[in-house]
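Working notes, structure below.
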Amino acid sequence: MANAEERRFEVLRAIVADYVSNQEPVGSKAIVDRHNLGVSSATVRNDMAALEEEGYITQPHTSAGRIPTDKGYRLFVDRIAEVKPLSSAERRAITAFLDSGTDVDDVLRRSVRLLAQLTRQVAVIQYPTMTNSAVRHLEVVPLTPARLMLVLITDSGRVDQRTVDLGDVITEENVGRLRTVLNGALAGRRLSEAAAAVAELPEKSPGELRDSLTRVCTVLVESLVEHPEERLVLGGTANLTRNVSDFPGSLRQVLEALEEQVIVLKLLAAARNPGAISVRIGEENEDEQMRSTSVVSIGYGMDDMLLGGMGVVGPTRMDYPNTIAAVRAVANYVGQILSGR
């Protein structure tokens, strides 16, 4: 029986491969001709009947061909023993492309563009989650005697610039004192802790610094608090229109859902640990608008520190092994690059 089950899975694998490649229902003769299963057409037909009865494949119309169901794709994905790694040339190209990013914004834009090209799907990436980041340094730069620029740098590579009007002139010596006080309270702290520490600073400061520090801290707290609406980059939407028939009657819904950024919720839900791949297929997507799609997502970061989520959205008729390999590779490099900045 185990052999029969294994053979049926090989038939399912053949149907998935051919349907993903050709977008045509697959018949028993095609499977025998194209895949070296070592069995007759009659045996393949029996296996297809069993797979259909169990809900792994279905007959879209009266032709003899079958296509995978969401349940069939799920079994296929769960049984992928090995995901074909990217070639060394592909890995070098990814590294070179992302390494030349000038800042976090550029790295994320490049990542989305690259992932969309590699998978020919829609690519999505979250900005590094600020609450998981710590303050590396705060630079205080005098622009005029009464105006400062604050440059907040986190260990995830995020750089946030703000200007502060002090309402009065400040000496160079007091700018240095401000810098020392602020970095003493901020450096090495997680952003959620840093916001609380900054809010308490004016009360503890010397009288001559209090007014300036109050204005600076008010602006800083704004930088330290999350701004989720700014935290998503999306690219390759036009890839979905290549095969409109993959989304019968629902492509517009999918595009609207992406525009509303509902897919962020899926990425957040999936991104628990850096490097852990999640694949949601069709009906497994909670949002009704996304039930004609598959979402392959992953958390990116370094070691146990999760910076954010990223992934791709495409039709259920997706090249899962290559998509998983591309998502994993790009996430790995983005995590390394951002953690090293």
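Using a 1.4 Å probe over the heavy atoms of the protein chains, calculate the carbon and sulfur portion of the accessible area of the chain as a whole percent. Walk me through the numbers before you get to the answer.
Numbers: 7850 of 16310 Å².
Roughly 48 percent of what the probe reaches on the chain is carbon or sulfur.
Averaged per residue, what accessible surface does the chain expose to a 1.4 Å probe, in Å²? Mind showing how you got there, number by number?
Values: 16310 Å² over 341 residues.
For the chain, the per-residue accessible area is 48 Å².
Viscosity 1.567 mPa s, temperature 4 °C: what is the translational diffusion coefficient of the stretch 85-171 from Stokes-Einstein with a Kirkwood Rh over Cα pairs, rounded to a whole number of µm²/s?
Numbers: Rh = 15.8 Å.
In µm²/s, the coefficient rounds to 82.
Extension gain D103-T237, at 0.36 nm per residue separation less the Cα-Cα distance, in nm?
On the way: separation 134, 0.36 × 134 = 48.24 nm, distance 2.39 nm.
Full-extension gain reported as 45.9 nm.
Do any GluC sites (Glu not before Pro) in the stretch 163-245 lie in a DSSP loop with no more than 15 other beta carbon atoms within 10 Å, and if so, which? Working shown, then result.
Working: sites: E172, E173, E193, E200, E203, E208, E222, E226, E229, E230; in loops: E226.
For GluC sites (Glu not before Pro) across the stretch 163-245 that sit outside H, G, I, E and B with at most 15 neighbouring Cβ atoms in 10 Å, the list reads E226.
Using R₀ = 45 Å, calculate the FRET efficiency as 1/(1 + (r/R₀)^6) where r is the Cβ-Cβ separation of H61 and R190; round to 0.05.
Values: r = 57 Å, r/R0 = 1.26.
With a Förster radius of 45 Å, E is 0.20.
Remind me, relative contact order of the stretch 4-79 in percent, using alpha carbon pairs under 8 angstrom and six or more residues apart?
Values: 88 pairs, mean separation 27.5, N = 76.
The value is 36 percent.
Using a 1.4 angstrom probe on the protein heavy atoms only, line up H137, H61 by accessible area, largest first. Before the final figure, lay out each step's value.
Details: H137 65, H61 105 Å².
Putting H137, H61 in descending order of accessible area: H61, H137.
Report the relative contact order of the stretch 1-159, percent, no decimals, based on alpha-carbon pairs under 8 angstrom and at least 6 residues apart. Could the numbers behind the result be given before it?
Working: 152 pairs, mean separation 22.6, N = 159.
About 14 percent, as a whole number.
How large is the Kirkwood hydrodynamic radius of the chain, in angstrom, based on all distinct alpha carbon pairs? Kindly include the intermediate steps, with their values, before the conclusion.
Details: mean 1/r = 0.0437 Å⁻¹.
Radius from the Kirkwood sum: 22.9 Å.
Could you work out the relative contact order of the chain? I mean the mean sequence separation of Cα pairs under 8 Å and 6+ apart, divided by the number of residues, in percent.
Numbers: 579 pairs, mean separation 63.9, N = 341.
That works out to 19 percent.
So, in Å, what gap is there between the alpha-carbon centers of the stretch 176-223 and the stretch 1-72?
The stretch 176-223 and the stretch 1-72 have Cα centres separated by 65 Å.
Please calculate the 1.4 Å probe accessible area of E288, with all protein chains present, and give it to the nearest 10 Å².
Surface accessible to solvent at E288 totals approximately 140 Å².
The values are calculated or read from the model by the stated rules, or taken from the named source; none is laboratory data. Note that the coordinates shown come from a computational prediction; the quantities given were computed from them, not determined experimentally. Virtual Cβ from ideal backbone geometry, glycine too; neighbours counted across all protein chains shown. Ligands, DNA and RNA are stripped out before the accessible areas are found, and what is left, the full protein with its side chains, is counted by its heavy atoms. Shrake-Rupley method; radii C 1.70, N 1.55, O 1.52, S 1.80 Å.
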